[in-house]
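Note sheet for the following structure.
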Amino acid sequence: WCLEWTDHVWTEVWSENQRAWLHCDSCENVCDKPLLYEQGWGKKLTYVIAFSVEGIVDVTRRYVKDMNVVRPRRGEVYEVWLKQTLKSLTDELRIKRGFLPDEIQHLEREDAREQEELSLDAKDVGESLLGRRSGSIAWRRARGELGNDS
């Protein structure tokens, strides 16, 4: 699952076929629209952290069109500290869950591949992204999440 620091959660599902993590939001009934929150809802994302039984990763880059626009909003912690802390927590999690050394090596190769992916621009699916659908109109309007639907 993913936690977006300002208040929203969703899941990511690994697609063996696409060899990629796919964004899935059951509240909004959407899949593989990673720019939904920023481009559709108009949210000003800061941190998106993904949690799984295999580790914890900052996946913000997957959900924003331009990380250079987001960086000034990311002032809660130092970037180096965040990266080191998530790596440390991931290492501890894998040891506590009893992963074998060869399994950990495999996961570390997958981690490196994911970091390469996260160094690229977010995947723009090239379609119109709607404002938020879940919640009352008044609540969505108060939160500024109607997007272009307002």
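Just so it is clear, none of the values below were taken in a lab; they were calculated from the coordinates. Given the structure is predicted, the values throughout are model-derived calculations rather than measurements. Here the Cβ is made from the backbone with ideal geometry for all residues, glycine too, and neighbour counts use every protein chain on show.
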### Message
From the alpha carbon gyration tensor of the chain, can you work out the equivalent ellipsoid semi-axes (sqrt of 5 times each eigenvalue) and give them in Å, largest to smallest?
### Response
29, 17, 14
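By average Cβ neighbour count within 10 Å, what is the ranking of 133-142, 53-62 from highest down?
Going from most to least packed, we get 53-62, 133-142.
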### Task
Would you work out the charge dipole size for segment 4-75 about its Cα centre, treating the Cβ of every Lys and Arg as +1 and the Cβ of every Asp and Glu as -1, and quote it to the nearest 20 debye?
420
### Distance from segment 81-116 to segment 1-80 (C-alpha centre basis), Å
19
### Query
Helix 101-118 versus the longest principal axis of the chain: what is the Cα-based angle in degrees, 0 to 90, to the nearest 10?
30
### Query
Which of the residue pairs LYS65/LYS87; LYS33/LYS87; LYS87/LYS123; LYS43/LYS65; LYS33/LYS83 have a Cα-Cα distance greater than 19 Å in the structure shown?
LYS65/LYS87; LYS33/LYS87; LYS87/LYS123; LYS33/LYS83
### Query
Taking +1 at the Cβ of each Lys and Arg and -1 at the Cβ of each Asp and Glu, which of GLY55, GLY144, PRO34 sits farthest along the dipole of segment 1-149 towards its positive end, judged by Cα position relative to the Cα centre?
GLY144
### Message
Restricting to Cα pairs below 8 Å that are 6+ residues apart, what does the relative contact order work out to for the chain? Please round to a whole percent.
### Response
27
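When the helices in the chain are scored as -39500 (n - 2.57) per DSSP H run of 4 or longer and the sum is shared across all residues, what 222 nm value do you end up with, to the nearest 500 deg cm²/dmol? Don't jump to the answer; show the numbers that get you there.
Values: 4 runs with 47 residues, N = 150.
Counting only the DSSP helices, I get -9500 deg cm²/dmol.
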#### Entry: Point-charge dipole on Cβ atoms (K/R +1, D/E -1) for the chain, about Cα centre, debye to 20
620
